[in-house]
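First up is the structure itself, then whatever we jot down about it.
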Amino acid sequence: MNRRGLLYALVMTAATARLLLQMAALPPYAGLDEVYHVARLAFVRAQGRNPTIFEWSVPPYLFASMVGRPDFSAAFCVVGPKWPEVVRSRAVIVDRPLQPRALQPYLMPNYEAQQPSLYYSLVARLAPLRTPMFELRVWRFLSVLFALVIVAATAFVGERWFGAAGILAGALVVSLPTWLTLVVRASNDAFACALLAVAVAVSASAPRRPYGEAVAWAAALAAKLYTWPVALVLPLFWRQQRAHRDRVSLVMIACALSAALTISDLSTRTRNALGLFAFDTAAGHAAAIRYGEMLKIWIATLAWTSGQHWDALTPLAIALYLGPILALVIIASRRNDVAVAAIVAFAIAQMINAAAYARGASTGLPAGGKEGWYWYTLVPILVPALLAPVLKRWRFIGFWIVAWDVLITEVALFHDFSGASSPAHPTLLFRWGPWHLPFTAHLEGIAVGPLVGALVVLRIIHVAALFALESLSRAHDRPNHFALPSD
């Protein structure tokens, strides 16, 4: 194996270990709205079609987890601050073969019916009907595979722009805790982000034949709507690469066709052409929007979120964690038109989304559109463009990111999962406490796994592979022969 191949082997080793570590420790239905995505997958597997936003489509066994029945597994993403009480009072995981009475009749509509159909139609049948935790492990593992695609594509783009330092930047994606919250769960997020990462990597490679680029972007746009604003970077790639008119025309036609088919699907199953219930006809009167609170939520969930558990970093921790990184980005970065365009387009799209939610915000705080985790969709562009030049000059920043990953994950998050922390004991760095030693969380009977007994081993593999990658990439680094899109 040549040195470049070894670099990528180390990237994938580190990423696989870190992603399996995260998956191993997750309680049932742990991230954001995972239980609702699982409900839609279960419906598609049983019915062979995607549900409408109007019909009841949540199966009884998942509804029982949502409402907290003790004879079913607890749903972490809907329990919230009461999680420690649940851990103390009952068995978190209750897993047994699914009987017909647990599958139908459906008991409530599912708001995740607002999502495009591609992911659910492709993935639902890959998890055979056995037990709730078996299907959850299968669908989560598929998300891990999609996340590995994101890492590989990010490293590839980083290499084209900044050489070996860009490959190292790709490996550090798995040490971004909010990104892990987004992708390591059963949902369409890892799938959509993976397709988008592939599309960005294909366009960055200046393909001679446009067919792969057209298919990649069409698939990404069909996966989830937050990929749409990212497609606005395409003209910048084409201009910098002096793309042939046939390439531009084919990709644009493919994107337009994909968008049209997605709109047709959503219009059929939901109340509006974009599917998102924020764009439904507004009912009632909105209160004055609390913009300051929205900004605080955006910053907090951009830095780190453990989902509906709502533990978070304190303002001091956010400043300590992100302050040095942002300062070095400002010092080291040269202008990258693709990154600038992606940031502007995504910011406008999120403001439109938040404004749509705000129309019905009777409490002054929109139900959605204010969360920072959406921005991790831009990982395959922003990590190479912003982090790679920093790593090229100051390699120590990689170890800073990994150290915070360990601090957030092993000191806080895993103890949150174990029920050993609460908002009654905040610390200087975390809203939930008290302080705990790393690698001491008791997750047996709480984490769905597998590999819950190998958390320390997986972390050692992750860190060791990163150390080896950093050392080898330093020796391998050389003047970059590829031009940034702004050149």
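Taking the criterion of being more than 19 Å from W375 (Cα to Cα) and of a type in the set (A, V, I, L, M, F, W, C), the residues of the stretch 288-318 that qualify are A288, I289, L316, A317. Pairing each residue of the stretch 129-142 that is among the acidic types (D, E) with any residue that is surrounded by fewer than 21 Cβ atoms within 10 Å (Cβ to Cβ), provided the two are 6+ apart or on different chains, yields C-beta distances under 9 Å for E135/R45; E135/L98; E135/P128; E135/L129. Among residues of the stretch 380-407 that are within 16 Å of A164 (Cβ to Cβ), those with a beta-carbon under 6 Å from a residue that is of a type in the set (G, A, S) and not in a helix (DSSP H, G or I) at least six positions away or on a different chain give the pairs P389/S333. For the stretch 120-143, the condition holds for no residue, the condition being that it is of a type in the set (K, R) and within 16 Å of R69 (Cβ to Cβ). For residues that are part of a helix (DSSP H, G or I) and charged (D, E, K, R), scanning just the stretch 375-415, find the one that is farthest from the chain's Cα centre (by Cα). So the residue we want is R393.
Does at least one position in the stretch 206-222 carry a residue that is in contact (Cβ under 8 Å) with a residue 12 or more places away in the chain, within 23 Å of L391 (Cβ to Cβ) and not β-branched (V, I, T)? No, the stretch 206-222 has no match at all. The criterion of at least 1 residues that are touching a Cys at 6+ places or on another chain (Cβ under 9 Å) and modelled with pLDDT of 95 or more is met by the following helices (runs of 4 or more DSSP H) wholly inside the stretch 114-184: 132-162, 177-183. Inclusion of A30 among residues that are at pLDDT 95 or above and of a type in the set (A, V, I, L, M) is not warranted.
With respect to I299, determine if the residue is closer than 30 Å to S205 by Cα and at pLDDT 90 or above. The answer is no for I299.
Total residues in the stretch 401-445 satisfying the condition of being surrounded by 15 or more Cβ atoms within 10 Å (Cβ to Cβ), farther than 14 Å from L21 by Cα and among the small types (G, A, S): the figure is 7.
Screening T262 against (1) under 21 Å from I53 (Cβ atoms); (2) in contact (Cβ under 8 Å) with a residue 40 or more places away in the chain; (3) not in a helix (DSSP H, G or I); (4) not hydrophobic (A, V, I, L, M, F, W, C) leaves a single unmet condition, (3). Against the list (1) part of a loop (DSSP other than H, G, I, E, B); (2) at pLDDT 95 or above; (3) among the aliphatic types (A, V, I, L, M); (4) exposed (fewer than 15 other Cβ atoms within 10 Å of the Cβ), the condition V448 fails is (4). For the stretch 269-278, the set of residues classified as surrounded by fewer than 18 Cβ atoms within 10 Å (Cβ to Cβ) and free of Cβ contacts under 8 Å to residues at least 60 places away in the same chain consists of N272, A273, listed by residue number.
Please verify whether W238 is at pLDDT 95 or above, touching a Ser or Thr at 6+ places or on another chain (Cβ under 9 Å) and part of a helix (DSSP H, G or I), treating the condition exactly as stated. Here the answer is yes, as W238 does meet what is asked. Among the residues of the stretch 202-211, some residue qualifies, meaning at least one is part of a helix (DSSP H, G or I), at pLDDT 95 or above, buried (at least 24 other Cβ atoms within 10 Å of the Cβ) and not β-branched (V, I, T).
The values are calculated or read from the model by the stated rules, or taken from the named source; none is laboratory data. Being a predicted model, the structure only gives us computed values, none of them experimental. For neighbour counting, all protein chains shown are included, and Cβ atoms are generated from backbone atoms with ideal geometry for every residue, glycine included.
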